[in-house]
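> Below you'll find the structure I mean.
The values are calculated or read from the model by the stated rules, or taken from the named source; none is laboratory data. Owing to the predicted nature of the structure, the values given are computational and were not obtained by experimental measurement. Every residue, glycine as well, gets a Cβ built from its backbone with ideal geometry; the counts of neighbours run over all protein chains shown. In case anyone asks, the SASA skips ligands and DNA or RNA and just uses the protein heavy atoms, side chains included. Shrake-Rupley method; radii C 1.70, N 1.55, O 1.52, S 1.80 Å.
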Amino acid sequence: MQQPTNEQFLEIAQQFGTPVYVYDANKIVSQYQKFKSAFNSPTVKIFYACKALTNINILKLLKLQGANIDCSSINEVKLAIHAGFEPQQILYTSNGIGFDEIEEAKNLGIHINIDSISNLKKFGQKFNNSYPVGVRLRPNIMAGGNIKIATGHDKSKFGIPITQIAEVVDIMQQYNLLINGVHIHTGSDIKEADVFLKGIEVLFDVIHLFPNLMYVDLGGGFKVPFEDTEEETDMITLANKILEKFNQHLHQNKLQIWFEPGKYLVSQAGYFLTKINVLKKTNNIEFASINSGFNHLLRPMFYDAYHKIVNISNPNGTIKEYDIVGNICETDTFAANRNINEINEGDLLVFYNAGAYGFEMSSNYNSRYKPAEVLIHNNQISLIRKADRFEDLLKNQIVVL
Ligand code: LLP
């Protein structure tokens, strides 16, 4: 698959300035199609975990492909509705939220996965069997690229621990609840099928307890390559193993299998385009400081995540070693001791894998603007979000002095 060319990046930088996020629509579509065709089963439903990237155009693009959508807040639900998703295409997998949000979600007619005994009880008390609901369980499996994105282990805040399943059943019986789904999400950046298979086994041990079950939701967390040496989750192998497991255990059952991929669909489609402000040579390190910081791309600092960086202004320059740093009043190192084609002030650096949790985790720290977003769709380059302006920094402030 053709990625955007250096000429396109240079044109975008010239037209819209930097820093700027750039998304390649073709790549999103091809990742979605790869996922869909690997499973190729009417019982499988894909819900795009939109927390990865919520720009309305991306939501619409995935909707056009036939995707459903998974939300992690009521505002994401509202964005999904705004983008044209029907209530039955929207899933709200909650965690630690107030009951008022669950009520709001119920009133919007969408699917809900409840992740605490407390909210499940409140749901039962208020709605009994008038509205089916799913439960998010914690399978007590340790998996994920790093501890911050591992969510299924026995010290994680996410989900109802599988060891408390009897309590879930008690509440279901007490309030006549229609529990129609069981959900797990073990973590992010998971390459091997085995983790998903282990999760399925945990769920298979309990699904007989739920007579109204319609779906088993296996969450997201599929791996994509960040370094050139890495590979993404092999979807065909994963799909075959999962479908085989379901066929073995549930041959007379027509349970749906739901997934919530985020990174897999949008990570590789995104690029973050920045410019070198200054070079600073010290005794042993050459710092290359870009016109951005962890206010725009937090992953390297928060997760020690590796993002490939390319100097598109000097693609054939001599390879030299740099620390790529930001302009924020913090130690915001994007990459240490990184080999990159020789950098000059004013050069443009492109960060790869910036589609998922890039713009979405950005902030206005140091009173800097959130960057613009650009979409390349059918070779057409369009601005899909303006960068902040000074008024945005003051917009919600109330002056009392
Ligand atoms: N479903 C649930 C319930 C989730 O909590 C998540 C991610 C997903 C699906 C999608 O996971 P994905 O397919 O994108 O791995 N900000 C971190 C990742 C945190 C993910 C939080 N939940 C990062 O940049 O690596």
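> Report the accessible area of D228, computed with a 1.4 Å probe over the heavy atoms of all protein chains in place, in Å² rounded to the nearest 10.
Rounded to the nearest 10, that gives 130 Å².
> With +1 on each Lys and Arg Cβ and -1 on each Asp and Glu Cβ, how big is the dipole of the chain about its Cα centre, in debye rounded to the nearest 20?
Working: 37 positive and 42 negative charges, 140 e Å.
Using only the charged Cβ atoms, the result is roughly 680 debye.
> At a Förster radius of 25 Å, what calculated FRET efficiency corresponds to the Cβ-Cβ distance of T229 and L10, to the nearest 0.05?
Efficiency at R0 = 25 Å is approximately 0.35.
> Taking every DSSP beta bridge with both residues inside the chain, roughly what % is antiparallel (nearest 5)?
Just about 45 percent of them are antiparallel.
> Would you kindly calculate the mean projected area, averaged across all directions, of the convex hull enclosing the Cα atoms of region 268-394, in square nanometres? Don't skip to the answer; put the middle values down first.
On the way: hull surface 33.8 nm².
Directional mean of the projected Cα hull area for region 268-394 stands at 8.5 nm².
> From Cα pairs below 8 angstrom and at least 6 apart in sequence, can you work out the relative contact order of the chain, rounded to a whole percent? Intermediate results must be reported in sequence, preceding the final value.
Working: 851 pairs, mean separation 73.4, N = 401.
Across the chain, relative contact order equals 18 percent.
> Over region 86-261, calculate the relative contact order: mean separation of alpha carbon pairs under 8 Å at least 6 apart, over the residue count, as a percent.
So the answer I get is 18 percent.
> Moving to a separate point now. Would you please put 271-278, 104-111 in order of how densely packed they are, using the mean number of other Cβ atoms within 10 angstrom per residue and starting with the highest?
271-278, 104-111
> Taking amide H positions as placed 1.01 Å from N in the peptide plane, with prolines and chain starts having none, which residues 5 or more places from S267, or on another chain, fall under 5 Å of its amide H?
Amide H neighbours of S267: A356.
> How long is region 47-131 along each principal axis, judged by its Cα atoms, biggest number first, in Å?
Cα extents, longest axis first: 39, 23, 16 Å.
> For I236, I190, give me the order by solvent-accessible area with a 1.4 Å probe, most accessible first, ignoring ligands, DNA and RNA.
Descending accessible area places them as I236, I190.
> Given the options I12, L197, A49, identify the residue whose Cα lies farthest towards the positive end of the charge dipole of the chain (+1 on Cβ of Lys, Arg; -1 on Cβ of Asp, Glu).
About the Cα centre, the residue reaching furthest to the positive side is A49.
> Could you give the Stokes-Einstein D for region 86-261 in µm² per second, using the C-alpha Kirkwood radius, 20 °C, 1.002 mPa s?
So the translational diffusion coefficient is about 129 µm²/s.
> For the chain, set up a GNM with springs between Cα atoms under 10 Å and report which of G293, G84, G144 has the largest fluctuation.
Maximum among the listed residues: G84.
> Provide, for q = 0.13, 0.14, 0.33 Å⁻¹, the log10 of I(q)/I(0) from a solvent-free Debye sum over equal Cα point scatterers in region 242-288.
The Cα Debye sum returns log10 ratios of -0.61, -0.65, -1.14.
> Roughly how big is region 86-261's charge dipole about its Cα centre, with Cβ charges of +1 (Lys, Arg) and -1 (Asp, Glu), in debye to the nearest 20?
660
> So what is the calculated 222 nm ellipticity per residue for the chain, using -39500 (n - 2.57) for each DSSP H run with n of 4 or more, over all residues, to the nearest 500 deg cm²/dmol?
-8500 deg cm²/dmol
> Which order do you get for R385, R338 if you rank them by accessible area with a 1.4 Å probe, largest at the top?
Numbers: R385 85, R338 30 Å².
Descending order: R385, R338.
> I want the antiparallel fraction of DSSP beta bridges within region 86-261, as a percent rounded to 5. Could you put the intermediate results ahead of the total?
Numbers: 1 of 19 bridges.
Here the share of antiparallel DSSP bridges comes out near 5 percent.
> Shifting gears a bit: Distance between Cα centroids, region 1-64 to region 186-231: provide it in whole Å.
For region 1-64 versus region 186-231, the Cα centre distance is 23 Å.
> First check a/c for the chain, with a ≥ b ≥ c the square roots of the eigenvalues of its C-alpha gyration tensor; if it is under 1.5, answer rounded, and if not, answer prolate when a/b is larger than b/c or oblate otherwise.
prolate
> Whenever you get a sec, line up D234, D304 from highest to lowest accessible area (probe 1.4 Å, protein heavy atoms).
My answer, sorted largest first, is D304, D234.
> May I ask for the net charge around H377, where only other residues with Cβ less than 12 Å from the Cβ of H377 are counted and Lys, Arg are +1 while Asp, Glu are -1?
+1
> For region 312-353 and region 140-160, what is the centre-to-centre distance using only Cα atoms, to the nearest Å?
If you average the Cα positions of each part, the centres end up 33 Å apart.
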